[in-house]
Amino acid sequence: MNNLASRLSQYQPDSSVRPRIAPEGRLVRMVGLTLEAVGCDLPVGSYCSVETAHGGFVEAEVVGFSADRLYLMPVGVAEGLRPGGRVIPNDKAMNIPVGPALLGRVLNGIGEPIDGLGPIISRETTSLHGKIINPLDRKPIDSTLDVGIRCINSLFAVGQGQRLGLFAGSGVGKSMLLGMMTRFTEADIIIVGLVGERGREVKEFIEQILGQEGLARSVVVASPADDSALMRLRAAMLTTSIAEYFRDQGKKVLMLMDSLTRFAQAQREIALAVGEPPATKGYPPSVFAKIPQLVERAGNGKEGTGGSITAFYTVLTEGDDQQDPIADATRAILDGHIVLSRRLAEEGHYPAIDVEASISRVMPHVVSDEHLKQAYRFKQIYAKYQQSKDLISVGAYSKGSDSEIDQAITLMPVMRQFLQQGLRENVDVITSFQQLHMILNQPQAN
Ligand SMILES: Nc1ncnc2c1ncn2[C@@H]1O[C@H](COP(=O)(O)OP(=O)(O)OP(=O)(O)O)[C@@H](O)[C@H]1O
Ligand SMILES: [Mg+2]
């Protein structure tokens, strides 16, 4: 009897596949990772299960169409697909469970837990695409968010609901800086999206950077580089959807996305596969439409709800080229950018924030006039030193010729020390400002 039951179970369809009342289609073509199906009539963005030669199913999403052909892309690994395979519409992963049960959990790009702690039980669900907030209804950015990094708190103050980019070439310290912010930021909830980066870093981030205490107030969405393009794209959208959910509950949310460049590359992969022509440096136009669609979802909630999403997106500037099309497009739509310098990182100066190239566009609205004045003064002195650095280092500058340069030379060692910070050192906004004030007002500064 048992034997019969086990033999019968082999022929039972996967219970996770829930057919909807919509006609089934058939697979007619597969080129690269793009599947073409006929016979089913589904809108872009819907889900299907494609039958494999072994009787299993591969999840796929409709990403485009041409006449009566649908273009699909597999969400997971596409193995065993065959001509004529059944394409069964389903409503799986259309709605993602959200709720307090997500805290402390690690999910993949389609919202499934990957931490082995069992399913996420929640009655509330959300969509991947979020709700658009009328820009006039949004609460303005008018208060600071303490991120625990002295250089940022004092010179590039972050506003609650601000969206910032973290720009740097590879290996300059983007992820480490995000890690410091996860530990130190004064937020209620932290949502981390690890999109298209190394798989090894996911575990490291959770165990070493977040730790048990940090994880308890965080949700991590991880889709490493070896996931399908669709999964990576969805991971970025899911991260934003979860952040939106907590924001709408009135929470102060910090959202960290590492990296926005990988999100753009995933969209490029999908768009090129369905035949969109490449435009700028191989990126099709839809990439430049998707970035603002994603980034605009962060920010403050409606006036009166009290919630906010302050977001940091890392942007890879390949070969340290600040003119990279993705860097260019994101710089224009974000409310500020922190640029990391390879030269500083090579000198062991961490965090390697390039004071001259970075900017926080909302700082004037969230700090006092005195704070702003001191921050500008710091930057002026720093810039003065950098302009005359070559002269000073070859000994061609003689003390006394320019009082501003003299002042910059005197202050430089303490200024450099001020900009550096240990990985485990948390410096709050008040201390950061006091220290800034102290440096600029010590007797030799005047
Ligand atoms: N604050 C810091 N203190 C000490 N070392 C640091 C710091 N930040 C970065 N590093 C060093 O730089 C290395 C690379 O940092 P990180 O992984 O953050 O770079 P990344 O910009 O995220 O790189 P990728 O683009 O490859 O993801 C680290 O492994 C570490 O050795
Ligand atoms: Mg990194």
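Test residue 122 against the criterion of being open to solvent by 10 Å² or more (accessible area, probe 1.4 Å) and assigned to a loop (DSSP other than H, G, I, E, B), and give yes or no. Show your work before the answer.
Values: open to solvent by 10 Å² or more (accessible area, probe 1.4 Å): yes; assigned to a loop (DSSP other than H, G, I, E, B): yes.
Yes: the conditions hold for residue 122.
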Review point. When the residues of the stretch 199-233 are filtered to those that are within 16 Å of ligand 2 (Cβ to nearest atom) and polar (S, T, N, Q), which remaining residue is surrounded by the most Cβ atoms within 10 Å (Cβ to Cβ)?
Key: 223
Revision key, fill the gap. Log entry, pairs with first residue in the stretch 38-57 being open to solvent by less than 10 Å² (accessible area, probe 1.4 Å), second being of a type in the set (S, T, N, Q), beta carbons closer than 7 Å, six or more apart or on different chains, reads 47/90; 48/90; 49/90
Practice item. Please report, ordered by residue number, the strands (runs of 3 or more DSSP E) entirely within the stretch 21-74 with at least 1 residues that are under 25 Å from residue 127 (Cα atoms). Key: 34-38, 47-51, 57-66, 69-74
Exercise for review: Looking only at the stretch 366-385, decide whether some residue is assigned to a loop (DSSP other than H, G, I, E, B), surrounded by fewer than 20 Cβ atoms within 10 Å (Cβ to Cβ) and away from ligand 2 (no atom under 16 Å from the Cβ).
Suggested key: yes
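Listed here are the residues, each with its yes/no results for (1) farther than 25 Å from residue 102 by Cβ; (2) open to solvent by less than 20 Å² (accessible area, probe 1.4 Å); (3) within 14 Å of ligand 1 (Cβ to nearest atom).
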| site | (1), (2), (3) |
| --- | --- |
| 134 | yes, no, no |
| 143 | yes, no, no |
| 149 | yes, yes, yes |
| 158 | no, yes, no |
| 161 | no, yes, no |
| 171 | yes, no, yes |
| 175 | no, no, yes |
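Suppose we filter the stretch 282-318 for residues that are assigned to a helix (DSSP H, G or I) and more than 16 Å from ligand 1 (Cβ to nearest atom); how many remain? Let's see the steps before the verdict.
Going residue by residue through the stretch 282-318, those that are assigned to a helix (DSSP H, G or I) are 285-295, 318.
Narrowing further to those that are more than 16 Å from ligand 1 (Cβ to nearest atom): 285-295.
The number of residues fulfilling the criteria is 11.
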Check your understanding: If residue 280 satisfies every condition in (1) under 27 Å from residue 33 (Cβ atoms); (2) β-branched (Val, Ile, Thr); (3) at pLDDT 90 or above but one, which is the exception?
Key -> (3)
Revision key, fill the gap. Residues of the stretch 177-201 being part of a helix (DSSP H, G or I), within 16 Å of the chain's Cα centre (by Cα), in contact (Cβ under 8 Å) with a residue 40 or more places away in the chain and away from ligand 1 (no atom under 12 Å from the Cβ), in sequence order, are 182
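Could you list, in sequence order, the residues of the stretch 308-319 that are surrounded by fewer than 18 Cβ atoms within 10 Å (Cβ to Cβ) and either within 15 Å of ligand 2 (Cβ to nearest atom) or within 22 Å of residue 161 (Cα to Cα) (or both)? Walk me through how you get there before you give the answer.
Start the filter on the stretch 308-319 by keeping residues that are surrounded by fewer than 18 Cβ atoms within 10 Å (Cβ to Cβ), which leaves 318-319.
318, the sole residue that qualifies.
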Check your understanding: For the stretch 105-135, how many residues are free of Cβ contacts under 8 Å to residues at least 40 places away in the same chain and touching a Gly at 6+ places or on another chain (Cβ under 6 Å)?
Key -> 1
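Quick check, is residue 369 within 25 Å of residue 168 (Cβ to Cβ) and modelled with pLDDT of 90 or more?
Details: within 25 Å of residue 168 (Cβ to Cβ): no; modelled with pLDDT of 90 or more: yes.
Judged against the criteria, residue 369 is not a match.
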Revision key, fill the gap. In the set 361, 424, 342, 416, the lone residue that is open to solvent by 60 Å² or more (accessible area, probe 1.4 Å), within 16 Å of ligand 2 (Cβ to nearest atom) and either in contact with a Ser or Thr (Cβ under 6 Å, 6 or more places away or on another chain) or basic (Lys, Arg) (or both) is 342
Revision key, fill the gap. Per the filter on the stretch 65-91, residues surrounded by 18 or more Cβ atoms within 10 Å (Cβ to Cβ) and not hydroxyl-bearing (Ser, Thr, Tyr) are 70, 72, 73, 74, 75, 78, 85, 87, 88, 89, 90
Review point. Out of (1) part of a loop (DSSP other than H, G, I, E, B); (2) farther than 17 Å from residue 99 by Cβ; (3) away from ligand 1 (no atom under 16 Å from the Cβ), what's the single condition that is false for residue 225?
Key: (3)
Exercise for review: Name, by its number, the condition in (1) away from ligand 1 (no atom under 16 Å from the Cβ); (2) in contact with a Ser or Thr (Cβ under 8 Å, 6 or more places away or on another chain); (3) closer than 22 Å to residue 152 by Cα that does not hold for residue 331.
Suggested key: (2)
Exercise for review: Could you run through the stretch 165-191 and say how many residues are within 16 Å of ligand 2 (Cβ to nearest atom) and out of contact with any helix residue (DSSP H, G or I) (no Cβ under 7 Å at 6 or more places or on another chain)?
Suggested key: 8
Check your understanding: Only one of (1) open to solvent by less than 20 Å² (accessible area, probe 1.4 Å); (2) over 24 Å from residue 170 (Cβ atoms); (3) of a type outside the set (A, V, I, L, M, F, W, C) fails for residue 196. Which number is that?
Key -> (2)
**Study point:** Hits in the stretch 239-258 - residues which are within 16 Å of residue 296 (Cα to Cα) and open to solvent by less than 20 Å² (accessible area, probe 1.4 Å)
**Key:** 239, 240, 241, 242, 243, 244, 247, 253, 254, 255, 256, 257
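Determine which member of the set 236, 266, 332, 271 is open to solvent by 40 Å² or more (accessible area, probe 1.4 Å), in a helix (DSSP H, G or I) and not β-branched (Val, Ile, Thr). So that I can check it myself, show each step before the final result.
Values: 236 fails: open to solvent by 40 Å² or more (accessible area, probe 1.4 Å); 266 fails: open to solvent by 40 Å² or more (accessible area, probe 1.4 Å); 271 fails: open to solvent by 40 Å² or more (accessible area, probe 1.4 Å).
Exactly one residue qualifies, and that residue is 332.
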Check your understanding: If you go through the stretch 419-428 one residue at a time, do you hit one that is in a helix (DSSP H, G or I), touching a residue at least 24 places away in the same chain (Cβ under 8 Å) and not small (Gly, Ala, Ser)?
Key -> yes
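The values are calculated or read from the model by the stated rules, or taken from the named source; none is laboratory data. The shown structure was predicted, so the numbers you read here are calculated from the model rather than taken from an experiment. Reconstructed Cβ throughout: ideal geometry from the backbone, glycine too, with neighbour counts over all protein chains shown. Accessible surface areas use protein heavy atoms only, side chains included; no ligands, DNA or RNA. Shrake-Rupley method; radii C 1.70, N 1.55, O 1.52, S 1.80 Å.
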